[in-house]
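Chemist: Structure incoming, see below.
The values are calculated or read from the model by the stated rules, or taken from the named source; none is laboratory data. Treat the numbers as computed from the prediction; the structure is a model and nothing was measured. We place every Cβ from the backbone using ideal geometry, glycine too, and count neighbours over all the protein chains shown.
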């Protein structure tokens, strides 16, 4: 049996907690918080000053009115089936959320596919899409490769495009800091210095958008070192190395260094550390996303060339931000994968599902969340939104209102009233994560049971109950959704998803289990590819000898990302002051659970740039990209590289809706206190 504790709803680390004194949470020992510690955000997990929804709502004309649960269920099903009958199953969209349990995400995708569409997605899929898809395509699974505890065995820890000391502090302090204190070398690769940098021995601060170049530079340097490449690992466990090495051979190292604008001596020192280390692990965040996968692929090439996958203290750690990001993907709440990360295009995968459901899911991949939003009111006429708030996006607010308002029907499950619920035809009030039973999966694939530790408000139901009721009404003559509890849903998931085979709900005690349940560390014996070998790619950020440009892909930001480097597409070595400053964007706070760390809205700027723009520390300044502007206080710090400025996502969203990734900084129109 599981202990009576919940998984923290604040982030993807997966700490366990229970109610403590004075509405504060107390830590409970778990795989991610072995000393029962919690961060400040976790301690406040039970705090909420928002008014909860406690009655179903149905729209009647221009008014939304409270109704009974039966009335709400019947109305929602009538409207969904009417859309399918009039426009076909692909006129429906189903948007899930990492805040929901594995069972709830599984039920949502099952409802979508039984109704005939793969138009099901969750915003977590897009946050780390380059890294996770590179892992899936080249080594096997779209997931972290090693347990967090194995970071204690690492000799070198690379942190790229992430700030785990602030965003995942319990994991950082439980595993990274002790490793460094025991002698491991921490290397931080990020344009912005932050709390993680303070512990690092080396900080490489490349131009935003050139992370792939940095990884390729490290590979090129290591290949030239005697013994730098793990030839035995490469020969026995990989394929494609020769083509990769050939592409590195035409790499203009000096030109690439100038474009990335990294210190040569520091780069060579880091390469020495990686080449000499027996065990190298990489922690990656969304800061390396946005370049069509170049950075993700370049990092994998580096780890494969040095033999740093499949052993203790090695591997890739995907620093997912929200509580069940990994689980939502594993449960099949994505448009192109069935449960267990099986392609919808694979006949064998569809047959496995059909054996359980009695109906084969559709074979054509559905639209992504962004594509679905674009299609609202046109190809997509009805939507079911569970635990998500698509009205909050890096898009024009009027455009979002227009898209949501153009749907024939919108069904929403949520805790509180939101901008999205304003447009809903039916709203179901549901329970929060700490108020219900289910499983969630953290950043290192630990599947944990979460038990209700506080009572939900009277009048609410779990998302699981709502989805089962909708499913039973959509298919009244079948037993597709006849589950007694979360354990029965989980049992079906284990029969459908190869990742989860061989474990029961009762086996998931407070420590949880990592999938696949037969092993903790992925790829110890073989990679999850057809021939068991990991795959090299060629250098895609090609800097040919004599060339003066880099093809590093576009740097458009997906509207679902919650932490990115919004880098410039231009990598010119010289920058004129009047060209503006490159915008680097920090992590997005959860839109379901409040995040105390989101209160710091300051812009960070290097002292040289502050002087050039005539601003000083603590000034209130006007930030503009020519299309939009914001006023905010600034912090002048040398922890950010010259030519860039940093903003948290809560402030930067207005800029990311446009095309420009550069901003200017100037005096504010807000008068100082002493100017009156």
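Chemist: Looking at segment 200-230, which of its residues are more than 17 Å from residue 298 (Cβ to Cβ) and either in contact (Cβ under 8 Å) with a residue 24 or more places away in the chain or in contact with a strand residue (DSSP E or B) (Cβ under 7 Å, 6 or more places away or on another chain) (or both)?
Modeler: Across segment 200-230, the qualifying residues are 200, 201, 202, 203, 205, 225, 227, 230.
Chemist: Within segment 181-194, which residues are touching a helix residue (DSSP H, G or I) at 6+ places or on another chain (Cβ under 7 Å) and not in a strand (DSSP E or B)?
Modeler: 190, 194, listed by residue number.
Chemist: What do you reckon, is residue 136 assigned by TED's automatic domain parsing to the domain that holds residue 214, part of a loop (DSSP other than H, G, I, E, B), in contact (Cβ under 8 Å) with a residue 60 or more places away in the chain and surrounded by fewer than 24 Cβ atoms within 10 Å (Cβ to Cβ)?
Modeler: no
Chemist: Moving to a separate point now. Out of 256, 265, 298, report the one residue that is within 29 Å of residue 179 (Cα to Cα) and in contact with a helix residue (DSSP H, G or I) (Cβ under 9 Å, 6 or more places away or on another chain).
Modeler: 298
Chemist: Would you call residue 345 under 27 Å from residue 151 (Cβ atoms) and either surrounded by fewer than 24 Cβ atoms within 10 Å (Cβ to Cβ) or within 12 Å of the chain's Cα centre (by Cα) (or both)? Give the steps one after another, and end with the answer.
Modeler: Details: under 27 Å from residue 151 (Cβ atoms): no; either surrounded by fewer than 24 Cβ atoms within 10 Å (Cβ to Cβ) or within 12 Å of the chain's Cα centre (by Cα) (or both): yes.
Criteria not met by residue 345.
Chemist: If I ask for residues that are in a loop (DSSP other than H, G, I, E, B), in contact with a strand residue (DSSP E or B) (Cβ under 9 Å, 6 or more places away or on another chain) and over 23 Å from residue 387 (Cβ atoms), which ones from segment 5-37 would you list?
Modeler: Passing the criteria: 20, 29, 31, 33, 35, 36, 37.
Chemist: Out of the residues in segment 345-363 that are out of contact with any helix residue (DSSP H, G or I) (no Cβ under 7 Å at 6 or more places or on another chain) and assigned to a loop (DSSP other than H, G, I, E, B), state the one that is farthest from residue 116 (Cα to Cα).
Modeler: 346
Chemist: Which one of the conditions (1) more than 17 Å from the chain's Cα centre (by Cα); (2) under 13 Å from residue 281 (Cβ atoms) does residue 182 fail to meet, given that it meets all the rest?
Modeler: Exception for residue 182: condition (2).
Chemist: I'd like to check something: does segment 391-405 contain any residue that is more than 28 Å from residue 628 (Cα to Cα) and touching a helix residue (DSSP H, G or I) at 6+ places or on another chain (Cβ under 7 Å)?
Modeler: There is no residue in segment 391-405 that is more than 28 Å from residue 628 (Cα to Cα) and touching a helix residue (DSSP H, G or I) at 6+ places or on another chain (Cβ under 7 Å).
Chemist: Tally up the residues in segment 424-465 that are closer than 30 Å to residue 403 by Cα and assigned to a strand (DSSP E or B), please.
Modeler: 6
Chemist: Do the conditions hold for residue 275, that is, is it modelled with pLDDT of 95 or more and farther than 24 Å from residue 317 by Cα? Let's see the steps before the verdict.
Modeler: On the way: modelled with pLDDT of 95 or more: yes; farther than 24 Å from residue 317 by Cα: no.
Criteria not met by residue 275.
Chemist: Quick check on segment 162-180. Is at least one of its residues at pLDDT 95 or above, assigned to a loop (DSSP other than H, G, I, E, B) and farther than 25 Å from residue 34 by Cα?
Modeler: Looking for residues that are at pLDDT 95 or above, assigned to a loop (DSSP other than H, G, I, E, B) and farther than 25 Å from residue 34 by Cα, one finds none in segment 162-180, hence no.
Chemist: Right, something else. For segment 33-76, give me each residue that is surrounded by 19 or more Cβ atoms within 10 Å (Cβ to Cβ) and free of Cβ contacts under 8 Å to residues at least 40 places away in the same chain.
Modeler: Selection gives 43 alone.
Chemist: From 192, 234, 187, which residue is surrounded by 19 or more Cβ atoms within 10 Å (Cβ to Cβ), more than 24 Å from the chain's Cα centre (by Cα) and touching a residue at least 60 places away in the same chain (Cβ under 8 Å)? Steps first, please.
Modeler: Working: 192 fails: more than 24 Å from the chain's Cα centre (by Cα); 187 fails: more than 24 Å from the chain's Cα centre (by Cα).
Testing whether each residue is surrounded by 19 or more Cβ atoms within 10 Å (Cβ to Cβ), more than 24 Å from the chain's Cα centre (by Cα) and touching a residue at least 60 places away in the same chain (Cβ under 8 Å) leaves just 234.
Chemist: Within segment 502-516, track down each residue that is part of a loop (DSSP other than H, G, I, E, B), surrounded by 14 or more Cβ atoms within 10 Å (Cβ to Cβ) and in contact (Cβ under 8 Å) with a residue 60 or more places away in the chain.
Modeler: Going through segment 502-516, the residues part of a loop (DSSP other than H, G, I, E, B) turn out to be 502-504, 508-512, 515-516.
Filter once more, so that each one left must be surrounded by 14 or more Cβ atoms within 10 Å (Cβ to Cβ): 503, 508, 510-512, 515-516.
Across segment 502-516, the qualifying residues are 508, 510, 511, 512, 515.
Chemist: For segment 200-272, please list each of the helices (runs of 4 or more DSSP H) lying entirely inside it that holds at least 1 residues being closer than 21 Å to residue 290 by Cα.
Modeler: Answer list for segment 200-272: 211-223, 253-260.
Chemist: Only one of 388, 379, 374 is farther than 20 Å from residue 104 by Cα, out of contact with any helix residue (DSSP H, G or I) (no Cβ under 7 Å at 6 or more places or on another chain) and in the same structural domain as residue 81 (by TED's automatic domain parsing); which?
Modeler: 374 is the lone residue from the list that is farther than 20 Å from residue 104 by Cα, out of contact with any helix residue (DSSP H, G or I) (no Cβ under 7 Å at 6 or more places or on another chain) and in the same structural domain as residue 81 (by TED's automatic domain parsing).
Chemist: For segment 292-318, how many residues meet the condition of being touching a residue at least 40 places away in the same chain (Cβ under 8 Å) and part of a helix (DSSP H, G or I)?
Modeler: Summing the residues that are touching a residue at least 40 places away in the same chain (Cβ under 8 Å) and part of a helix (DSSP H, G or I) in segment 292-318 gives 11.
Chemist: Here is a follow-up. Among the candidates 197, 144, single out the residue that is surrounded by fewer than 20 Cβ atoms within 10 Å (Cβ to Cβ), in contact (Cβ under 8 Å) with a residue 40 or more places away in the chain, assigned by TED's automatic domain parsing to the domain that holds residue 238 and touching a strand residue (DSSP E or B) at 6+ places or on another chain (Cβ under 7 Å).
Modeler: Values: 144 fails: surrounded by fewer than 20 Cβ atoms within 10 Å (Cβ to Cβ).
The unique qualifying residue is 197.
Chemist: OK, next. Within segment 100-114, is there a residue that is in a loop (DSSP other than H, G, I, E, B) and in contact (Cβ under 8 Å) with a residue 60 or more places away in the chain?
Modeler: yes
Chemist: What number of residues within segment 613-641 satisfy the criterion of being closer than 26 Å to residue 189 by Cβ and at pLDDT 85 or above?
Modeler: Adding up the residues that qualify gives 5.
Chemist: Inside segment 517-564, can you point out the residues that are surrounded by fewer than 20 Cβ atoms within 10 Å (Cβ to Cβ), modelled with pLDDT of 50 or more and at positive phi?
Modeler: Listed by number, the list holds a single entry, 532.
Chemist: I've got another one for you. Quick one: which of 366, 321, 332, 327 is over 22 Å from residue 527 (Cβ atoms), assigned to a helix (DSSP H, G or I) and in contact (Cβ under 8 Å) with a residue 24 or more places away in the chain? Steps first, answer last, please.
Modeler: Numbers: 366 fails: assigned to a helix (DSSP H, G or I); 321 fails: assigned to a helix (DSSP H, G or I); 332 fails: assigned to a helix (DSSP H, G or I).
Among 366, 321, 332, 327, only 327 is over 22 Å from residue 527 (Cβ atoms), assigned to a helix (DSSP H, G or I) and in contact (Cβ under 8 Å) with a residue 24 or more places away in the chain.
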